[in-house]
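Working notes, structure below.
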Amino acid sequence: MTMRRFPVHRALAAGRRLATTSAHPVVPPPAHDAEVRITTLPNQLRVTTEESPGHFHSIGVYLDAGSRYETPRLCGVSHMLDRMAYKSTATHSSLETTAILDATGIQLSCSSSREAMMYQSTHFPPDLPLALSLIASTLQQPLLLAEELDEQKKAAEYELREINAKPELILPEIVHQAAFGGETLGRPLLCPEERLDHITPDIIREYLTTYVRPERIVIAGAGMPHDQLVELVQQYFGQMPYHETTASPTQRLALASASQPLTPPPSPPSGSAPSLTARLSTLSSSLFHPQPSVSPLVPPPHQPAVHHPSTFLQPDSSLPFTHLHLAFPSLPISHPSIYALAVLQVLLGGGSSFSAGGPGKGMYSRCYTHILNRHHNIDSCQSFHHIYTDAGLFGIAASCTHNTVGSLPSVLGGFLAQLLHPKNIQPTELSRAKNQLKSSIAMSLESRAIEVEDLGRQVQVHGRRIGLREMDERIDEVEKEDVEEVAKEVFSGGVTVVARGEVDALGDVRGTLGKYGLGLGKGTSGFALGRKGWLL
């Protein structure tokens, strides 16, 4: 995920002026993070909220599903389920839902990732029951009309063509498929085009029956009273039956950390919801919950993600540049060195050779000062870091002109090899990277939608919320030696090479990196990948 930055020089200058002219003392930040409460319902669904005063609410339903859990039979379903969100359900047609959103200003969204599906809403406080009921119905009672599914398949075909035409979008997906051998985290995030005809309403229902289970769900909220959200979740999700066999290992671990039992919440004040919401809330619970006669299917056994160093080269002379991605096996999200690795990623930074606007966008990061400012044939160079529950990928992506692509592996190899030498990292750049990481996290959490997603996913993965102040403390604890150690650990692992463009001129990329002591870890290589593309 690319971190957002903003010019800070004006804010700092303004702060200095205020400090010398204002008669009022500077108010220090609060000593503690906002209170987070977690309640586990009798069916093991977890509800969590964070104190966050504001003019609107945000909620999210986070499901332990996604492309990682798909079987060959269910391949591509999570992508299509994402596109079918908020279509016709047992309570509203697609047009009626659209009319409700236009009338209330509710903003609904759905996104699927490799390890989660996320249904979110941002809305005014009186619309909280209505927003949650819309999410509940799209998850539990979708009609999956054939005409709506066909329409979304056509949209998905267009989406796939557009993404395949843009290397910066499709190559990270191919990196995952190559690095994990097409299994677990390597299963396609986007529905392969040849799979679209196999996605039927029955297949989607099978997916929903398998994975939409209360023990795999966390519902998070920001801005509302905790007891109010618990009561509403109990109303719309409380009758979903618990089945221990459908909980993933991650969720079983997190369930043991739930901190608060269910207590009877007070009734919300009368008149706080519009008449339409009141009508929806009195509908029969059978509209919002699976029928008792439907037996849940048991998900396949959880498979650990295993990195397989490999090479995938895709010739394409139509592109203006040749793109190269180098991916090394990285650390899972719970690893104690994950903060040192995050600092390393910010320290490397990077972006495009052309950057519009003012300072404050990482122009002092190493990818700029060591690569883009010295090699003008390189159009872009940026580090990347993908984190998952039991694995990760860390690396660098670059693009350059076709006629100079032969030197790109050596340039990147020498660049990364510098981090293997002791005392290579300077105190000033380490301090800069740590401050940029902390500010990026803090500014991202200013968005209520990101705040509630962060809360829901942390409770889903860790069983608790790691607050901003705790993260800042862990970042401050990172020393130069920690970054150097994690760099050696990561770059010594087997490397996955993915490229598109004039790839023949790259030569033996893995051999070139090996000369710099990079990517020498063990692992199988040379997957039989088609030169015209793989899976997508």
(request) Among the numbered conditions (1) touching a Leu at 6+ places or on another chain (Cβ under 7 Å); (2) in contact (Cβ under 8 Å) with a residue 60 or more places away in the chain, tell me where residue 142 comes up short. (result) (1)
(message) Looking at residue 364 and the list (1) touching a Gly at 6+ places or on another chain (Cβ under 9 Å); (2) farther than 30 Å from residue 469 by Cβ, which single condition is not satisfied?
(response) (2)
(message) Only one of 9, 79 is modelled with pLDDT of 95 or more and not assigned by the TED database to the domain that holds residue 443. Can you tell me which?
(response) 79
(message) Kindly evaluate residue 531 against the criterion of being more than 24 Å from residue 340 (Cα to Cα), outside any loop (DSSP other than H, G, I, E, B) and either at pLDDT below 95 or open to solvent by less than 40 Å² (accessible area, probe 1.4 Å) (or both).
(response) no
(message) Take residue 272 and tell me if it is open to solvent by 10 Å² or more (accessible area, probe 1.4 Å), at pLDDT below 95 and over 29 Å from residue 123 (Cβ atoms).
(response) no
(message) Looking at (1) open to solvent by less than 40 Å² (accessible area, probe 1.4 Å); (2) hydroxyl-bearing (Ser, Thr, Tyr); (3) at pLDDT 95 or above, which one does residue 365 not meet, given that it meets all the others?
(response) (3)
(request) Check every one of the helices (runs of 4 or more DSSP H) wholly within the stretch 424-524 and list those with 3 or more residues that are acidic (Asp, Glu) and open to solvent by 40 Å² or more (accessible area, probe 1.4 Å). (result) 468-476, 480-491
(message) Would you confirm, using the coordinates I've provided, whether residue 420 is crowded, with 18+ Cβ neighbours inside 10 Å, under 17 Å from residue 367 (Cα atoms) and among the hydrophobic types (A, V, I, L, M, F, W, C)?
(response) no
(request) Kindly indicate the residue of the stretch 65-106 that is assigned to a loop (DSSP other than H, G, I, E, B) and without any contact (Cβ under 8 Å) to a residue 24 or more places away in the chain and also surrounded by the fewest Cβ atoms within 10 Å (Cβ to Cβ) among those meeting that condition. (result) 105
(request) Kindly provide the set of residues from the stretch 373-412 that are touching a strand residue (DSSP E or B) at 6+ places or on another chain (Cβ under 9 Å) and not in a strand (DSSP E or B), ordered by number. (result) 375, 377, 391, 401, 402, 404, 405, 407, 408, 409, 411, 412
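The values are calculated or read from the model by the stated rules, or taken from the named source; none is laboratory data. If you're wondering where the values come from, they're calculated on a predicted model, not measured in any experiment. Glycine also receives a Cβ, built like all others from the backbone with ideal geometry; neighbour counts cover every protein chain displayed. Areas reflect the complete protein model, heavy atoms only, side chains present, ligands, DNA and RNA absent. Shrake-Rupley method; radii C 1.70, N 1.55, O 1.52, S 1.80 Å.
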